[in-house]
Amino acid sequence: MSTITREELWRRLKGGQVEPLYLLFGSEEYLRDAAARAVTEAALKGAALREFNETSYSLASVDVQQAIAAAEQMPMMAGRRVVRITDFGKLREADEEALVRYVTRPAETSTVVFVSGDLDKRRKLSKTLMEVCTSVEFAELKDAELAAWARDRLKHLGAYADERALRQIVALTGASVRQLSTELEKLATASLPGGQITMEVVDALVGRSRELSNFELSDHLIARDRRRALETLRKLLDDGAEPVMLIGLLASNFHRLALAKELMTRGAPEQEVFRVVNMPFSQRKEFLATARRADARELARRIARIAEADLAIKTSLGGGGERGSRLQLEMLVCELSA
């Protein structure tokens, strides 16, 4: 069977069309998990004894034959059973073959939902699942898709925001739909009774994702903007980020910038840069702009200085100096932004 869109899946389920096999895969886990629940609801609609007709198996800890036996079992006082299967990507060959045999001749009274974050399409089982299942990919959403999803979600929550506020919400929360959903619920509650979400409410209530804020910190350091660098650092620390974690993320960002800078100097296209340097789609444009502004020698010097500070902070933490580690991090930011 061919891969269908998320929208087509919802249309089919709403119309009562339930298939015996589904493959839901991709890195966007919030929407993927919501789809698995929707399939389950559609398959068990009207079932009297739902708890006896719904099971989940992680094949990392459960034998394949147990999951297959559940799928082959007749439903109890219902039209269907639902079996969700996860962690099937690294099975032994014999176990893969057993699953392949089942999915090529599935039970008519069961709906089996295979859920995976990372599908290795080279494996025989993956290829077979793609051929026989109703497959839906849940890739990371782009900013425009996130904004559209947020707009619909706010409508469901009885709230609304203009385009500028929506873009700000997406920029602050990053690419995680799960985090975006949490922030939207918080904003919708704060907007009562009128329901309008303003920029002021967004800036006051939306917690920046640490990865995004940390990249902003790196950007301010490259630009030698000490004031904004210190403001970003203090917000991260006040939000509960540990100094050791922050300096590790800072080192990772500068290493990625240095690697991207070297590739770009060689004339590598953007596609090649992001094959080597892992970066969420929503942050790529800003990352490339920062890399272009950076000087290669200065990046190397800063990476060495961050490593020295990392050792000093870990040493001070070993002696119980949490306040001292924060001070050292602030001093490092001042030095790197000079």
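The values are calculated or read from the model by the stated rules, or taken from the named source; none is laboratory data. In this text, all values refer to a predicted model and were calculated from it rather than measured experimentally. All Cβ positions, glycine included, derive from the backbone under ideal geometry; neighbour counts span all protein chains shown. Accessible surface areas use protein heavy atoms only, side chains included; no ligands, DNA or RNA. Shrake-Rupley method; radii C 1.70, N 1.55, O 1.52, S 1.80 Å.
Considering only residues that are in contact (Cβ under 8 Å) with a residue 24 or more places away in the chain, closer than 17 Å to Arg6 by Cβ, open to solvent by 10 Å² or more (accessible area, probe 1.4 Å) and not polar (S, T, N, Q), which ones fall in segment 144-178?
Trp149, Arg153, Ala175, Arg178
Kindly evaluate Ser2 against the criterion of being touching an Asp or Glu at 6+ places or on another chain (Cβ under 6 Å) and of a type in the set (Ser, Thr, Tyr).
For Ser2, the condition - touching an Asp or Glu at 6+ places or on another chain (Cβ under 6 Å) and of a type in the set (Ser, Thr, Tyr) - is not met.
Filter segment 205-218 down to residues that are over 17 Å from Leu329 (Cβ atoms) and either assigned to a loop (DSSP other than H, G, I, E, B) or modelled with pLDDT of 65 or more (or both), then give me how many there are.
5
When the residues of segment 105-122 are narrowed to those that are open to solvent by less than 40 Å² (accessible area, probe 1.4 Å) and farther than 22 Å from Gly79 by Cα, which ends up nearest to the chain's Cα centre (by Cα)?
Checked segment 105-122; the qualifying residue nearest to the chain's Cα centre (by Cα) is Ser116.
Can you name every one of the strands (runs of 3 or more DSSP E) wholly within segment 3-118 that holds 2 or more residues which are closer than 29 Å to Gly174 by Cβ and of a type outside the set (D, E, K, R)?
Hits in segment 3-118: 21-25, 54-58, 110-116.
With the structure loaded, tell me whether Phe254 is at negative phi, in contact with a Lys or Arg (Cβ under 8 Å, 6 or more places away or on another chain), part of a helix (DSSP H, G or I) and at pLDDT below 85 or whether it fails that test.
Judged against the criteria, Phe254 is not a match.
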